[in-house]
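Please read the structure below before turning to the comments.
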Amino acid sequence: MKVVTNARELPSACAFVPTMGALHAGHASLFQLAKKYSENVVASIFINPLQFESQEDLAKYPRTPDIDIEIAATAGVTHLWLPNQSEIYPEGFAKQSAGPIGDIYEGKSRPGHFDGVLTVVRRLFDLVNPTVAIFGEKDFQQLHLIKAIAGEVEIITAPTVRENDGLAMSSRNVRLTPEGRTAATVIYRALTQAKTEEELRAILATEPAFTVDYADFIDEQSFTHAQSSSSDLRAIVAGWINGVRLIDNMPMGIRA
Ligand code: PAF
């Protein structure tokens, strides 16, 4: 694996996996999937300041550079790109707007977050010019919004990788206390057992350590609250344990 600091050192055709580091088995699964699309697998690690609501949240984001290099190399990344701020955000760079979908659910609790995500993803795509890019289904709203700005880049969706007890892997999980980590299993229980939105919320409410932000059924195609006419339903959940924000989602099947 080559570690590069400038996009000019990247191959001209590749499968691309953008990340913010703190890599775990979920990222490794994205790299492995990328190998199916190109012999060149480019991963980037860039902690994007534009997608954090506060300096405090940005400062708290885990940084594990040595482990990241090991995970990337083992999972088949051929080029690990560590861009610096000025390469991604030169003077006068274009900002992206996520539009109305960027202001609901995650966007409501994290104003400006999706504008920041789309701005960096567009810049990364412009610099790497990949054939395909791989994103995890765990950040379902992010995935929905990225598909809308991807242009020529084909977006490949990878399933959420889970711990043995069902908790979706996330770089933030390391910030949970042992009790919080146990409490977090309520999210998977709720997503796998509930048949309705009411049941979803009722199961989540059995865990006092989990403060729910939202627990809704959405229409996957439009990413808006499900209507009686919606097909392709998906349950989406977000909330906090020990002040750590956790999100997850699961398909709820096709409504007849
Ligand atoms: O999902 C992430 O890790 C980030 O939002 C992304 C897509 C790398 C953009 O910074």
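The values are calculated or read from the model by the stated rules, or taken from the named source; none is laboratory data. As the structure is a computational prediction, the values presented were derived from the model and not from experiment. All Cβ positions, glycine included, derive from the backbone under ideal geometry; neighbour counts span all protein chains shown. SASA here: full protein model, heavy atoms, side chains in, ligands and nucleic acids out. Shrake-Rupley method; radii C 1.70, N 1.55, O 1.52, S 1.80 Å.
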Can you list the residues, at least 5 places off or on another chain, whose amide H is less than 5 Å from the amide H of Gly136, using H built in the peptide plane?
-> Ala158
Return the sequence-ordered ³J(HN,Hα) values of the stretch 196-213 in whole Hz as given by the Karplus equation 6.51 cos²θ - 1.76 cosθ + 1.60 applied to θ = phi - 60°, using x for Gly and Pro.
-> 9, 4, 4, 5, 4, 5, 5, 5, 4, 5, 6, 10, x, 6, 9, 8, 6, 8
Percent RCO, i.e. relative contact order, over the chain, from Cα pairs under 8 Å lying at least 6 residues apart = 17 percent
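Which loop-located trypsin sites (Lys or Arg not before Pro) does the stretch 168-256 contain, where loop means any DSSP state but H, G, I, E or B and the Cβ has at most 16 other Cβ atoms within 10 Å? Numbers along the way, then the final one.
Values: sites: Arg172, Arg175, Arg181, Arg189, Lys195, Arg201, Arg234, Arg245, Arg255; in loops: Lys195, Arg255.
When the trypsin sites (Lys or Arg not before Pro) of the stretch 168-256 are filtered for loop state and at most 16 Cβ neighbours within 10 Å, Lys195, Arg255 remain.
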Roughly how many Å is it from the Cα centre of the stretch 191-222 to that of the stretch 14-64, as a whole number?
-> 28 Å
By average C-beta atoms within 10 angstrom, highest first, the peptides 106-112, 65-71, 134-140, 3-9 = 134-140, 106-112, 65-71, 3-9
For the stretch 22-93, what is the accessible area per residue in Å² when the probe is 1.4 Å?
-> 50 Å²
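Between Thr182 and Ala150, what length in nm is gained on full extension when 0.36 nm per residue of separation is reduced by their alpha carbon distance?
7.8 nm
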Rounded to 5, the percent of DSSP beta bridges in the chain classed as antiparallel | 55 percent
What are the ³J(HN,Hα) values, in whole Hz, obtained from phi via the Karplus relation 6.51 cos²θ - 1.76 cosθ + 1.60 with θ = phi - 60°, for each residue of the stretch 6-23 in sequence order, with x given for Gly and Pro?
-> 9, 4, 5, 8, 8, x, 6, 10, 6, 9, 10, 10, x, 9, 10, x, 6, 5
Using the structure shown, list the pairs from Lys2/Lys95; Lys35/Lys108; Lys36/Lys138; Lys36/Lys195 with a Cα-Cα distance above 24 Å, or answer none.
-> Lys2/Lys95; Lys35/Lys108; Lys36/Lys195
Taking H placed 1.01 Å from N in the peptide plane, check which residues at least 5 places from Trp81 or on another chain put their amide H under 5 Å from its amide H.
-> Val4, Ala43, Ser44, Ile45
Phi to ³J(HN,Hα) by Karplus 6.51 cos²θ - 1.76 cosθ + 1.60 over the stretch 217-233, Hz, x for Gly, Pro = 9, 10, 8, 4, 5, 9, 6, 10, 3, 4, 10, 5, 8, 6, 10, 6, 8
Solvent-accessible area per residue for the stretch 109-187 at a 1.4 Å probe radius, Å²?
-> 40 Å²
Note on the stretch 120-240: contact order normalised by length, alpha-carbon pairs under 8 Å, 6 or more apart, percent, works out to 16 percent
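Can you work out the FRET efficiency for the pair Ser231 and Phe93, with r the C-beta to C-beta distance and R0 = 35 Å, to the nearest 0.05? Let's see the in-between values first.
Numbers: r = 39 Å, r/R0 = 1.12.
Approximately 0.35, to the nearest 0.05.
Roll a 1.4 angstrom probe over the protein heavy atoms and tell me the percent of accessible area of the stretch 203-256 that is carbon or sulfur.
Numbers: 1280 of 2400 Å².
Using a 1.4 Å probe with all protein chains present, the stretch 203-256 comes out at 53 percent carbon and sulfur.
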Spin-label point model (7 Å from Cα, Cβ direction): what's the Ser109 to Tyr61 distance in nm?
-> 1.8 nm
In a shell of Cβ-Cβ distance under 13 Å around Thr185, excluding Thr185 itself, what net charge do Lys and Arg (+1) and Asp and Glu (-1) give?
-> -2
Where in the stretch 1-21 does the label zone of Glu39 land, with the point 7 angstrom along Cα→C-beta and an amide N cut-off under 16 Å?
-> 1-2, 11-15
